[in-house]
Amino acid sequence: MTTPVQTKDSLDQKQNLLLQILKTPPLMTALDIKGWNQVLFEAHMLKLRARLVYDAEVNGLWSALPDKVQQILTNAKIETAARQRKIMWEMNRVSRALNDFKDKVILVKGAAYLTRNLKCAGGRDSVDLDILVSRKNLDIVENHLLLAGYVSQVLDDYDQQYYREWAHELPPLVHPSRLVEVDVHHTILQVTNRLSPDIDLMINASQPLEGHFHTLCDEDMLLHSIVHQFVDGTLKSSLRNLLEQHDMMMEFGVKPEFWTKFMDRAEALRLGRPVFYSLRYCAHFLDTPIPDAVMVRAKKNAPGRAVQKLMDLLIFRTMVPFGAANGRRRSKLTDFLSTNGLYIRSHWLRMPPMMLIAHLSRKFYRRFMARQI
Amino acid sequence: MTMDIFKAEHHLAGPGLLMGVGPIMTRIAIKFPSIRDDFLHMYQGYPFFEGPEITDYHLTIFAKNLYRRYLRPQVAINTLMNDDFVPLPESMGLLSVEMGMNWQVAFGCKTHILFHAGVVEKNGVGVIIPAISGSGKSTLSAGLSYDGWRFFSDEFGMLKAETGELYPYPRPVSLKNESIPVMKEWVGSDAPFSREYEGTPKGTICYLRPPIACLEEMHKPVRPRAVIHPVYNPNAKSDIKPLTETMAFFRLVRSSANYGDIGAPAFRALAKIAKECVSCEITYSSLEEGIRLVNKFIDENVA
């Protein structure tokens, strides 16, 4: 039995207004001016304002919101709609550039949610277009895109080499007349990451869409989001990622066989630990209804008590990272340590220690030199 | 709405002063006393709020550390909106406040179609004066506003796509270099001007507060009736060149900062302006000439 989440912060976080509204949108209509200022501020910092619009509209609450709130949220609504439109158009352009390429091109993250019209695409701010292709096709796909006018954004030799040897993606490509970044991945985690799963399993299970593209199957799509947040991400301001997982669990979870398939998949790809974290924190922050049997199964991959306590502390500090809760000011120092602790953690998982030291010293040296100039 | 200046300074120094200009409510905190003085002088007569009000933007003008606060003072700007400003010396302080507020509106505002343009109004006739920096639109809009026109903005034309109306956003006018003495002479008093900030990236900058009557009517929109593209050229002969509907449309698109984000409603609104408004380009060699041409064009073409 794992201990339930119990820290001083966890209680504060439970009462965070933004979280409460994300869980229960009708609470929006009861907010006073101070409440709105807090919610709007946090939603802005966490890139969730457009999500509030989506929740308000889906729940028929929009017209009941104060005029000023409608005005402020409309900015976010229009901006996010524009970004989504840009991503859709970029997909169209990539599809055209890859017209002669016949193997699988898999949309991942925002583009996949948008084309599949999933709930988690509602009000989601996507900036880049991410696609996944088999590693053997990487050069071919890159050449097609370069021929179509895309330009590599990384010119530095060390960075180019870093990307090509160790990263899970090509250096970002951008078409100069549209300026949307296209990231071509060949796997979902850094090659050197010790949790890097067998990507061929995911590519083989992907599902065709209409037209040129595929998406990952439901289970893998959720796994990818989890891996992105709990293995690779810095976890800073990542409430929106957790929300994305929550949405998928709710949407996919209505199919009776989903949870069993999902847990089988997580174990086959050796991603039990990050899945445990996702389920634990979704249930804690967003009250995601996860079947008991699934939770019991996930706990087999829980870390030891000490590690879990530490992870809880770090996550609670960073998940809703702003301002005072219950009138108590939070310590800037612990917030700083949490964010940076998680940053170090993500790097620790990303590469073996000696390589990490070499990489970070090089980065540090370069930043230091840049300052001197 | 009118607030005691000591109280306003207290808010500015502390959690922030709430100021409403047109449709935008900003909370401004300034950690430098000298910049607070400049700010309060410039924004005399603007509506400050005791609060709480639902706030569009938060702007903080601060020093990164004690060294940058006291020993070699340097001003940093936090707009909470992906800004990356080069810190300015404390002596240019008010510039950072203006830059910060401009940034927030330029990148944050999508409820209104934004034109990089001056806007003025007289007798219910709204005039959009779009132009790139250096073409004299700030000077021309300010000149008109001290000559019987109501000032909306010298920098941000704000049009609501649904109603087709222009909304005032009457922030201080930013004057550069040679236009500073010209405007001082035109206004005839030093009172509404800021100090002159010398040695900025754009040369000498001086701010001018719009006439108080414009501030009192900052929530009163107007329908656009004319679009006038100014071209300042000290050696040129005065000229008014009418624009076709098509040219008028494309030049409006080019002057709009968020046309692409707003999409279809912006397309329809701009097409409507191009169709229903009279549009021209004026070439002028002095402020007086510019104002004469604007008045002449409006008198002859807008009933």
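A short reminder: the numbers here are calculations on the coordinates, not readings from a lab. All of these numbers come straight from a predicted model, not from anything done at the bench. So basically every Cβ, Gly included, is an ideal-geometry build from the backbone, and we count neighbours across all protein chains shown.
Which part of segment B:21-44 falls in the paramagnetic zone of B:Phe85, meaning amide N under 14 Å from the point 7 Å along Cα-to-beta-carbon? Within reach of a label on B:Phe85, which here means backbone N under 14 Å from a point 7 Å along Cα→Cβ, segment B:21-44 contributes B:27-32, B:35-36, B:39.
Applying 1/(1 + (r/R0)^6) with r as the Cβ-Cβ distance of A:Lys300 and A:Leu356 and R0 = 30 angstrom yields a FRET efficiency of 0.55. Take the Cα of B:Glu185, go 7 Å toward its beta carbon, and the backbone nitrogen atoms of segment B:199-219 under 20 Å from that spot belong to B:204-209. Taking only Cα atoms, what is the 0 to 90° angle, nearest 10, from helix B:245-255's long axis to the longest principal axis of chain B? So the inclination is approximately 10 degrees. By the beta-carbon count within 10 Å of each Cβ, the least crowded to most crowded order of B:Lys110, A:Lys86, A:Lys363, fewest first, is A:Lys363, A:Lys86, B:Lys110.
Neighbour counting of Cβ atoms within 10 Å sorts the residues A:Tyr158, B:Tyr284, fewest neighbours leading, into A:Tyr158, B:Tyr284. Going through the cross-link list B:Lys122/B:Lys241; A:Lys68/B:Lys296; A:Lys104/A:Lys309; B:Lys137/B:Lys272; A:Lys68/B:Lys272; B:Lys31/B:Lys160, which pairs have a Cα-Cα distance over 32 Å in this structure? As for pairs spanning more than 32 Å Cα to Cα, those are A:Lys68/B:Lys296; A:Lys104/A:Lys309; B:Lys31/B:Lys160. Compared with the dominant principal axis of the Cα atoms in chain B, helix B:93-108 is inclined by about 60°. All other residues whose Cβ lies under 13 angstrom from that of A:Leu107 are scored, Lys and Arg at +1 and Asp and Glu at -1, for a net of -3. Just checking the listed ones, B:Ala131, B:Ala213, B:Ala63: in the Gaussian network model of chain B with Cα springs under 10 Å, the one fluctuating most is B:Ala213. Just to confirm the number: angle between the C-alpha axis of helix B:264-276 and the first principal axis of chain B, 0 to 90 degrees, nearest 10? Tilt relative to chain B: about 50 degrees.
Among A:Lys77, B:Lys275, rank each residue by its count of other Cβ atoms within 10 Å, from fewest to most, as a rough exposure measure. Please list the in-between numbers first.
Details: A:Lys77 21, B:Lys275 10.
In order of increasing Cβ crowding within 10 Å: B:Lys275, A:Lys77.
Only bridges whose two residues both fall in the protein assembly as shown count here: according to DSSP, what percent of them are antiparallel, nearest 5? Please report the intermediate quantities before stating the final value.
On the way: 53 of 74 bridges.
Antiparallel bridges make up about 70 percent of those DSSP assigns within the protein assembly as shown.
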